[in-house]
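The values are calculated or read from the model by the stated rules, or taken from the named source; none is laboratory data. Everything numeric in this text was worked out from a predicted model, so none of it was measured. All Cβ positions, even for glycine, are placed from backbone atoms using ideal geometry, and neighbour counts span all protein chains on display. Protein only, heavy atoms only, side chains kept; ligands, DNA and RNA dropped before computing areas. Shrake-Rupley method; radii C 1.70, N 1.55, O 1.52, S 1.80 Å.
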Amino acid sequence: MKRLQKVIAESGLTSRRKAEELILQKKVKVNGNIVTELGTKVSQNDRIEVNNKILEKENKEYFLLNKPRGVITSTKDDKSRKTVIDLINTTARIYPVGRLDYDTTGALLLTNDGDFANILMHPTNEIDKVYLAKLEGIIKGEQINKLKSGVLLDDILVKATRVKLKKVIKESNSCLVEITIHEGKNHQVKRMFESVGFHVEKLTRKRIGIFDCKNLKSGEYRKLTPKEVQIVYSYKK
């Protein structure tokens, strides 16, 4: 069972706030009856009408994309740059789960299932987001420990659950570091490394939850299996 305004919004017809206005204006029916109470819950079997038009039920779709560099993680871009939506062949109103920067590559999930997306993004579900960062300079144990114990971003303490030095590149005085986080704040990984004195030259998300891009080339994608979707729902605490 879901709130009526949420179901209307998830259909792509309008925003949740506008859906609430339509309910209060007596323009929404459930199984032929006008509904005016916000928070009314409906099931997938209920017949919903908005302005006397039956609400079309959109099938849920789920995709894993190996995001390439130079693509915007958004549904549209006012500068006409290519977005991750442009890479997926579907008519569904999908959107990215979370965000990867313009120059960041790797695992990105896209869906039109709001509950699925919320489970993956909410930090209380403690879903691993694993990144590989190329840093200018060589990170030391003391800086790694600082990332694990926590750094302040916007006056909020954020911690890495794991940090591992993978490779030292002496010729260029750089290194590869794998870092795992549970949150998804704006530019979080880059800002965490900057807080301990390192600039991130390159960043790739290697894995989110059970999803990695080992069998996907840059720009390629695949649909998730029903079993994978069920696993994500099992993450919810």
Under 6 Å by Cβ, and 6 or more places apart or on different chains, what pairs join a residue from the range 184-198 that is more than 15 Å from Asp103 (Cβ to Cβ) with one that is open to solvent by 70 Å² or more (accessible area, probe 1.4 Å) and not hydrophobic (A, V, I, L, M, F, W, C)? Val196/Lys146
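Going by the structure shown, is Ile34 surrounded by 12 or more Cβ atoms within 10 Å (Cβ to Cβ) and of a type outside the set (Ser, Thr, Tyr)? Full working, then the answer.
Details: surrounded by 12 or more Cβ atoms within 10 Å (Cβ to Cβ): no; of a type outside the set (Ser, Thr, Tyr): yes.
So Ile34 does not fit the description; no.
Could you check, for the range 227-235, whether at least one of its residues is of a type in the set (Gly, Ala, Ser) and either crowded, with 18+ Cβ neighbours inside 10 Å or touching a residue at least 40 places away in the same chain (Cβ under 8 Å) (or both)? Even if it seems obvious, please write down each step before you answer.
Pass one, the range 227-235, residues of a type in the set (Gly, Ala, Ser): 234.
Next cut, either crowded, with 18+ Cβ neighbours inside 10 Å or touching a residue at least 40 places away in the same chain (Cβ under 8 Å) (or both) only: none.
Scanning the range 227-235, I find no residue that is of a type in the set (Gly, Ala, Ser) and either crowded, with 18+ Cβ neighbours inside 10 Å or touching a residue at least 40 places away in the same chain (Cβ under 8 Å) (or both), so the answer is no.
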With the first residue restricted to the range 67-95 and required to be at pLDDT 90 or above, and the second required to be in a strand (DSSP E or B) and open to solvent by 30 Å² or more (accessible area, probe 1.4 Å), Cβ contacts under 7 Å at 6 or more apart or on different chains are Thr75/Tyr95; Leu87/Tyr221; Ile88/Tyr221
Do we have any residue at all in the range 1-9 that's surrounded by 12 or more Cβ atoms within 10 Å (Cβ to Cβ), assigned to a loop (DSSP other than H, G, I, E, B), at pLDDT below 95 and not small (Gly, Ala, Ser)? no
Consider only pairs whose beta carbons are under 6 Å apart and that are at least six residues apart or on different chains; among these, list those whose first residue lies in the range 31-47 and is closer than 10 Å to Met1 by Cβ and whose second residue is at pLDDT 95 or above. Val42/Val30; Asp46/Val30; Asp46/Asn31
Taking the criterion of being open to solvent by 20 Å² or more (accessible area, probe 1.4 Å), β-branched (Val, Ile, Thr), in a strand (DSSP E or B) and touching a Ser or Thr at 6+ places or on another chain (Cβ under 9 Å), would at least one residue in the range 83-98 satisfy it? no
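In the list Ala160, Ala117, Ala133, which residue meets the criterion of being within 17 Å of Cys213 (Cβ to Cβ), open to solvent by less than 10 Å² (accessible area, probe 1.4 Å) and under 20 Å from the mean Cα position of the chain (by Cα)? Walk me through it before giving the result.
Numbers: Ala160 fails: within 17 Å of Cys213 (Cβ to Cβ); Ala117 fails: within 17 Å of Cys213 (Cβ to Cβ).
Result of the check over Ala160, Ala117, Ala133: Ala133.
For the range 164-175, how many residues meet the condition of being more than 17 Å from Lys148 (Cα to Cα) and either touching a strand residue (DSSP E or B) at 6+ places or on another chain (Cβ under 9 Å) or open to solvent by less than 60 Å² (accessible area, probe 1.4 Å) (or both)? Before you say what the answer is, go through the steps one by one.
The first filter runs over the range 164-175 and keeps only residues more than 17 Å from Lys148 (Cα to Cα), leaving 167-175.
Filter once more, keeping what is either touching a strand residue (DSSP E or B) at 6+ places or on another chain (Cβ under 9 Å) or open to solvent by less than 60 Å² (accessible area, probe 1.4 Å) (or both): 167-169, 172-175.
Going through the range 164-175 one residue at a time, the tally reaches 7.
Being β-branched (Val, Ile, Thr), touching a Phe, Trp or Tyr at 6+ places or on another chain (Cβ under 7 Å) and open to solvent by 20 Å² or more (accessible area, probe 1.4 Å) narrows it down to one residue among Thr75, Thr105; which is it?
That would be Thr75, the only listed residue that is β-branched (Val, Ile, Thr), touching a Phe, Trp or Tyr at 6+ places or on another chain (Cβ under 7 Å) and open to solvent by 20 Å² or more (accessible area, probe 1.4 Å).
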